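Novice: Could you have a look at this structure, given as structure tokens, before my questions?
Every number here is computed from the coordinates shown, using simple stated rules; none is lab data. A quick note: this is a predicted structure, and the numbers were derived from the prediction, not measured. Neighbour counts are summed over all protein chains in view; Cβ atoms, including those assigned to glycine, are modelled from backbone coordinates with ideal geometry.
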Amino acid sequence: MRRLESVVVIGLGYVGLPIALLSSRKGYQTVGLDSDSNKLHMIRQKVSPINDADIKIQLKNSKLKVSSDYSVCKNADIVIICVPTPVGNGFKPDLKPLKNACTSLAKHLKPGTLVILESTVNPGVSETIVIPLLNKSGLKAGRDFYVAHCPERINPGDVEWNVENIPRVIGSLEGHGLKAAQKFYKSIITGSITLMGSLKEAEAVKIVENSFRDINIAFVNELAMSFHKLGINIVNVIDGASTKPFAFMAHYPGCGVGGHCIPVDPYYLIEYAQKRGFQHDFLLLARGINNGMPRFTVDIAEEVLIKSGKKLKKSQIAVLGLSYKSNIDDDRESPSYEIIRELEQRGASVRSYDPHVLHKSSASSLSEAVKSSDILIVATGHKEFIELDPKMLSEQGVMGVIDGRNCLDSSRFQEAGLIYCGIGT
Ligand code: SAJ
């Protein structure tokens, strides 16, 4: 099989840009394709549109070309689709970006091209959505061009696992596509490559690994709500259970589950199975528990206020943290926004502050957010919040801190005379 030389990556987000840079660095003539002209301008100026130290460095020395013109696919041996696959209203999967990408690609697909889908989709999407749209090119998948699925596993903020060393799985419509995809990934990554028996199996792997995480988080979140009433510290219990060297994997409770993966991916499987007559009660139950954690967090804040003779209505609350996980600027599906909505619905006035998401913070500084707040809710475990000075808070009139990520040292706050309440601690 001749070495495939040229690569086009469609979608230059947190998944597409790393793989485009890697492919270019490994010697492939690589063109990144995106519809966002600002993003293309930044990349041409060697400025990273994503806040990732590694990407910033790679971009500086990269020969990656970028374009918004799908005709570049005419010269591609490999096209990697990395467009977003979010969920819309009612948590219904939104495949519009994927359909648009396939429709545009079909107009420029050349015989022999290997099309690899990296975006997360439910089982069956490659065969029932992607391939029919690409076949509109007049070429036939599996005969004139090839289709494989290699689900992305980018983990934002992870310093250990990156696009080059993360193990991957690959599924394909048929043997040639599978071999060609395996050969490509083998030439650019150091992580192991596992071949799956079909496109559907590869699609299911990603959904299952992320649903596994969601249900385990729901398990400890339910325990946290129970132990809150039982006066048992769930974090200590999880740490104790973690001393068992086998058959236990620690997850930790929090004020909610955010991000573009964990709270989203299970809905893909739920909807796909529902359409075929199976109800994933357990996945739906877990999603319900995790979606309820922002409300539980506000309940705790209300409990603390009532204990101090105050009401949530008309109280001043500071919500610290808007991104969905610590020390990154990604606020997609962040539970912080649910917490803010819930507080305002119950009549509290809210100031929000996140140094990583300043443009969406209502306060321009930590001190402005904290000033004359009755309660602080730490919704993201940013290092700036872990370093909060309890004495300063107490002097500012703060009476309580709700630690939505169980990330603070409770004793420091209690010694300063503040009421401290974690999630299940
Ligand atoms: N969370 C908890 N408790 C936990 C773990 C996470 O409440 O024990 C919350 C986080 O605060 C966050 C959300 O869940 O709001 C998601 O956190 P995450 O650590 O799962 O971060 P993600 O969304 O970046 O998930 C990615 C996923 N990677 C891919 O899909 C390629 C996921 O599969 C990884 O397991 C995860 O990173 C990881 O392990 O860091």
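Novice: Among 363, 180, 273, which one moves the most in a GNM of the chain with springs linking Cα atoms closer than 10 Å?
Specialist: Answer for the Gaussian network model of the chain: 273.
Novice: Let me ask something else. Mean separation of Cα pairs under 8 Å and 6+ residues apart, divided by the residue count of the chain: what relative contact order is that in percent?
Specialist: The normalised contact order for the chain reaches 11 percent.
Novice: Mind ordering 253-264, 64-75 by average Cβ neighbours within 10 Å, highest first?
Specialist: Per-residue mean Cβ counts within 10 Å order the peptides as 253-264, 64-75.
Novice: Still on this structure: Given H placed on each backbone N at 1.01 Å, which residues far from residue 141 in sequence or on other chains put an amide H within less than 5 Å of it?
Specialist: Close amide H contacts, sequence-distant or interchain: none at all.
Novice: Let me ask something else. Explain nothing, just compute: Karplus ³J(HN,Hα) = 6.51 cos²θ - 1.76 cosθ + 1.60, θ = phi - 60°, for every residue of the stretch 154-171 in order, whole Hz, x for Gly and Pro.
Specialist: 5, 10, x, x, 7, 8, 8, 9, 9, 4, 8, 10, 5, x, 10, 10, 9, x
Novice: So, R0 is 30 Å and r is the distance between the beta-carbons of residue 47 and residue 362; what FRET efficiency does that work out to, to 0.05?
Specialist: 0.60
Novice: For the chain, would you read off the P(r) tail past 33 Å as a percentage of all alpha carbon pairs?
Specialist: Summing the P(r) tail past 33 Å for the chain gives 41 percent.
Novice: If the limit is 20 Å between Cα atoms, which of 96/136; 229/307; 371/391; 60/110; 311/391; 229/313 go over it?
Specialist: Pairs exceeding 20 Å: 60/110; 311/391; 229/313.
Novice: How large is ³J(HN,Hα), in whole Hz, for each residue of the stretch 323-330 in order, when computed from phi with the Karplus curve 6.51 cos²θ - 1.76 cosθ + 1.60 and θ = phi - 60°, using x for Gly and Pro?
Specialist: Ordered by residue, 3J(HN,Hα) equals 6, 7, 8, 5, 6, 10, 9, 8 Hz.
Novice: Provide the packing ranking of 336-344, 315-323, 185-193, 236-244, i.e. peptides ordered by the mean count of other C-beta atoms within 10 Å per residue, highest first.
Specialist: For the peptides 336-344, 315-323, 185-193, 236-244, the packing ranking is 315-323, 336-344, 185-193, 236-244.
Novice: HN-Hα J couplings of the stretch 114-129 from phi, Karplus 6.51/-1.76/1.60, θ = phi - 60°, integer Hz, Gly and Pro as x?
Specialist: Rounded to whole hertz, the list is 9, 9, 10, 9, 9, 4, 6, 9, 6, x, x, 5, 4, 7, 9, 10.
Novice: For the pair residue 226 and residue 291, how long in nm is the line joining their label points, each one 7 Å along Cα→Cβ?
Specialist: 2.3
Novice: Shifting gears a bit: Local charge sum around residue 358 (other residues, Cβ-Cβ under 12 Å, Lys/Arg +1, Asp/Glu -1)?
Specialist: Spelling it out: positives minus negatives among the neighbours equals -4.
Novice: Which of the DSSP-defined H helices in the chain satisfy a minimum axial length of 18 Å, computed from C-alpha atoms, and a minimum mean Kyte-Doolittle hydropathy of -0.5?
Specialist: Span-like helices, by this rule, are 175-188, 199-230, 293-307.
Novice: Moving on. May I ask for the distance between the Cα centers of the stretch 1-50 and the stretch 349-425, given as a whole number of Å?
Specialist: 40
Novice: Grab the alpha carbons of the stretch 298-358, take their convex hull, and tell me the volume per residue in Å³.
Specialist: Measuring per residue, one finds 79 Å³ for the Cα hull of the stretch 298-358.
Novice: Could you please state, rounded to a whole Å, how far the C-alpha centre of the stretch 118-151 is from the C-alpha centre of the stretch 82-111?
Specialist: So the two Cα centres are separated by 11 Å.
Novice: OK, next. By how many nm would the segment from residue 164 to residue 29 lengthen if fully extended, with 0.36 nm per residue of separation less the alpha-carbon distance?
Specialist: 46.8 nm
Novice: Now for a different question. Taking the mean number of other Cβ atoms within 10 Å as a proxy for protection, how do you rank 6-13, 132-139, 85-92 from highest to lowest?
Specialist: 6-13, 132-139, 85-92
Novice: For the stretch 194-353, calculate the relative contact order in percent as a whole number, restricting contacts to Cα pairs under 8 Å that are 6 or more residues apart.
Specialist: 24
Novice: Continuing with this model, one more query. Label points 7 Å out from Cα along the Cβ direction at residue 74 and residue 414: separation in nm?
Specialist: Result: 7.1 nm between the two label points.
Novice: What residues qualify as long-range amide H neighbours of residue 310, i.e. H under 5 Å apart, gap of 5 or more or another chain, H built at 1.01 Å from N?
Specialist: Hits under the 5 Å cutoff: none.
Novice: Pull up all non-local amide H partners of residue 419: gap of 5 or more, or a different chain, and H-to-H distance under 5 Å with H placed in the peptide plane.
Specialist: 400, 401
Novice: Label the stretch 168-253 by shape, choosing from rounded, prolate and oblate, from the square roots a ≥ b ≥ c of the eigenvalues of the Cα gyration tensor; if a/c is under 1.5 it is rounded, and otherwise prolate applies when a/b is larger than b/c, oblate when it is not.
Specialist: It is prolate, given that a/c is not under 1.5 and a/b is the larger ratio.
Novice: Consider all pairwise Cα distances in the stretch 66-137 and report the whole-number % of them above 22 Å.
Specialist: 20
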